[in-house]
Each structure stands twice: as structure tokens, then as C-alpha cells.
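Below is one structure; the comments refer to it alone.
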Amino acid sequence: MEKKEAVRRIVKESFGYSDALMKKMFDPLYDDSDAMLLEKGGQPVSTLVMRHYDLLFHGQTAGMSYISSCATRRASRGNGFMSELVTESLHESRRRGDMLTALVPTRDWLYFFFDHLGFSTVFYNDRQRFTSLHTFGAGEDYQPVENPLADEVFEAFHRMEMHRGCAVLHSAADFRLSVENAADEPGKAFVAVADGSRRVAAMAWASLSADGELLTVTDLLGIDRPAMRGAMHELRRRFPDVAVQIMAVPGDTHRRLYACGMARIVNVAQCLEIVAAANPELCMSMRISDRIIIDNSHYYVIENGSLYLADERTDRPDFDITAEVLCRIVFSSPAIGSIIGFPSVRPSFFM
């Protein structure tokens with residue numbers, strides 16, 4: 001059996017996807033080099049897909065693997081096969097040159113499962129809610145873009161992602177597939193609006209709940225707040241008289257944040273080198289222990305914009321922590337990072 005067919009069968013069985021949905025959501029992005037397959041007794045039992053993305057991090061791009069389609073055959077569950085496969089995927093991600101591995105748990109209990117494998121909850125959204133009467137302004141300054149798949153729309157999208165500071169960057173193929181899926185599926189929508197100069201100024205993805213009472217905006221980007229209100233006004237025109245929930249990027253306001261994804265640093269040295277280069281004034285020492293990726297376990301010193309290892313040192317470092325705790329520090333809010341003197345940044349991964 002070919003690798004793709006084995007992976008496809010396990011995913012289809014585990015998630016109950018129809019052939020039509022597999023052809024639409026799974027097949028277009030599948031690549032043998034991204035898929036991992038665990039076999040026992042000569043039979044495939046577990047699989048996952050690990051796609052590459054670039055992460056904008058302190059002004060540089062670092063490699064990131066995104067894990068999805070984690071699935072185990074029903075008859076093989078309860079034997080620790082997925083834990084074994086995810087652990088191997090972390091080592092594979094490091095071998096590929098990645099700094100980070102990320103995933104989005106589809107059930108609340110999965111946060112606890114991945115926590116045991118060293119993942120930390122670092123992706124959050126700010127859920128902003130509006131009543132069915134909210135108009136989001138008049139919207140006369142912005143007009144919907146006629147062709148959302150035009151090159152200039154993706155180019156605008158890419159510029160907006162780059163302005164998010166710490167963000168997972170999407171390719172043109174990712175963008176096109178997401179826009180096409182939003183256009184094809186009932187209750188889903190993608191809107192892009194342009195200003196008076198015909199410049200693409202904002203865009204949004206949204207999905208209507210099964211009962212037709214709540215519109216959830218899963219991603220909203222724009223050159224400024226008026227432009228984003230213009231995109232929301234267009235969504236309101238398409239979906240009148242429903243409550244709206246915007247899954248916004250966490251900001252500086254004191255709102256309640258909701259977990260929407262996890263990450264694990266697979267190459268601590270690469271992470272700290274980028275932080276050191278971007279913050280030459282930073283001076284601190286860290287002893288990091290990693291129970292899964294032993295090569296991460298070192299005594300690190302950040303000084304004068306550089307990172308070096310000092311395993312021979314026996315003095316107490318500024319921080320003696322695990323790789324999981326480091327991940328929470330690195331990807332925390334800047335306000336929290338300032339308390340301990342670390343240049344923390346919130347990551348975003350939407351669309």
C-alpha cells in the first residue's frame with residue numbers, strides 16, 4: 001500500500017470524512033514528505049501530517065512545523081502509538097532545521113495530552129462579541145474587491161501578516177485554498193475591501209453557526225481600524241441580523257484570552273540566538289532541561305547580542321527551567337516578559 005493511501009485511510013476512518021471532503025481538504029495539500037506513519041507488525045496504525053511554515057520571530061523568519069491530521073486506527077488505540085509518533089515528529093522537526101513545532105488541539109482534553117509531550121499553550125485569541133444590531137459603521141469609504149484571488153489581494157494579505165510582529169506566515173497556495181473553501185462552503189465567507197484609491201485595505205474570513213445565529217470571524221486583517229471596520233461592514237451586509245464574534249489577535253487591552261493552539265521549541269539554541277541578535281542589550285544565563293530532546297539541555301548565556309554554551313559553569317543561572325517553561329516565557333505577552341526582563345512576544349496563527 002502506498003504511503004498516501006495508508007495515511008488517507010487512517011485519517012478518513014478516524015475523523016469520519018467523506019470522500020468529497022477528503023478530496024477538498026486533505027488531498028490538495030498532501031505531500032509524502034510531510035506525512036509520518038507509524039507501523040506495528042507491518043501494519044500502519046498511526047499517522048500525522050507535519051507541514052512547514054515560516055514563523056516571523058523578532059524580525060527574522062524561523063522554521064516551524066505544524067502538526068495536523070493526528071489519527072490512530074480505532075482497533076489500535078490505547079497503546080501509546082500517538083505519543084510515540086508525536087515524540088518522533090519533534091525529533092524530525094529539529095532535523096529539518098525547525099525552531100518550533102505547533103498544533104491546534106481539536107478537543108479540550110487534547111491540551112492535557114500534548115502538555116505531557118512538552119507542548120505549551122501559547123496561541124490565544126481575544127473573542128470580541130457584538131450584538132445582531134451592531135452595524136460596524138457606514139462602510140461607504142470601502143468597496144468589496146471583485147476578484148479575491150487576484151495577486152494584489154494575496155500581496156496585501158502578506159504585508160498585513162508581516163505587520164503582526166510574531167506570526168505564522170502563509171503561502172500563496174494556503175491563501176488561495178482558504179479563499180476558495182470559504183467561497184464553496186455554505187455559511188462561510190471571505191471578504192476583501194479596497195479604499196478609494198483601489199488599494200486592498202482589509203480582509204476577513206467568517207463562518208456562520210449551524211443554527212444561523214452567530215457569525216464567527218476567524219481572522220481579520222487591515223491596514224488600520226477604519227479599514228477593518230469596512231471589512232466587517234461588508235460581512236454585516238452579507239449576514240444581517242446575527243450576533244458576531246471576532247477571534248481577534250491579543251492586544252494590550254485587559255480582556256479575557258482563549259487558548260487556540262500550542263507550541264514546543266525543538267531547537268532552543270536557534271530560538272535564543274534570534275532573541276539575542278534582536279536584543280543586544282539582553283544579558284542573562286539559563287540552564288534549560290529537556291526530557292525529550294536531550295540536545296536542548298544546556299547552560300546558555302546571552303550577552304552582547306550573542307549566545308554561547310557554558311556547560312562547564314557550576315554557578316546558579318538566572319533561570320533554571322524546562323524547555324516547556326522557556327516556551328511560555330518566549331511567547332508570553334510583552335508586559336509579562338518585562339517583569340522578568342525577557343523580550344517576550346505573543347504569536348498569532350490564524351486564517
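The values are calculated or read from the model by the stated rules, or taken from the named source; none is laboratory data. Everything numeric in this text was worked out from a predicted model, so none of it was measured. Quick reminder, even Gly has a Cβ in these numbers, built from the backbone with ideal geometry, and neighbours come from all protein chains shown.
Worth a mention:
- Within the stretch 10-42, the only residue that satisfies the criterion of being of a type in the set (K, R), in contact (Cβ under 8 Å) with a residue 24 or more places away in the chain and outside any strand (DSSP E or B) is K24.
- Any chance G165 is under 17 Å from the mean Cα position of the chain (by Cα), in a loop (DSSP other than H, G, I, E, B) and among the small types (G, A, S): yes
- Any hit, the stretch 78-87, residues being within 30 Å of L272 (Cα to Cα) and of a type in the set (D, E, K, R): yes
- Residue, surrounded by the fewest Cβ atoms within 10 Å (Cβ to Cβ), within the stretch 261-298, restricted to residues that are among the β-branched types (V, I, T) and in a helix (DSSP H, G or I): I294
- Some residue of the stretch 164-176 being closer than 30 Å to Q60 by Cα, crowded, with 21+ Cβ neighbours inside 10 Å, small (G, A, S) and touching a Pro at 6+ places or on another chain (Cβ under 8 Å): yes
So that you can scan it fast, the table gives a plain yes or no per residue for (1) more than 16 Å from R238 (Cα to Cα); (2) in contact (Cβ under 8 Å) with a residue 24 or more places away in the chain:
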| position | (1), (2) |
| --- | --- |
| D184 | no, yes |
| D195 | yes, yes |
| V200 | yes, yes |
| W205 | no, yes |
| S209 | no, no |
| G212 | no, yes |
| D219 | yes, yes |
| A227 | yes, yes |
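For (1) at pLDDT 95 or above; (2) polar (S, T, N, Q), each residue gets a yes or a no:
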position: V11; (1), (2): no, no
position: Q43; (1), (2): no, yes
position: G63; (1), (2): yes, no
position: S68; (1), (2): no, yes
position: A71; (1), (2): no, no
position: R74; (1), (2): no, no
position: T87; (1), (2): yes, yes
position: E92; (1), (2): yes, no
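- Extreme residue, nearest to G139 (Cα to Cα), among residues of the stretch 213-244 that are of a type outside the set (D, E), exposed (fewer than 15 other Cβ atoms within 10 Å of the Cβ) and more than 27 Å from the chain's Cα centre (by Cα): R237
- Number of positions in the stretch 249-277 that are of a type in the set (S, T, Y) and modelled with pLDDT of 90 or more: 1
- Residue in the stretch 241-248 that is assigned to a strand (DSSP E or B), within 30 Å of E88 (Cα to Cα) and at pLDDT 95 or above present: no
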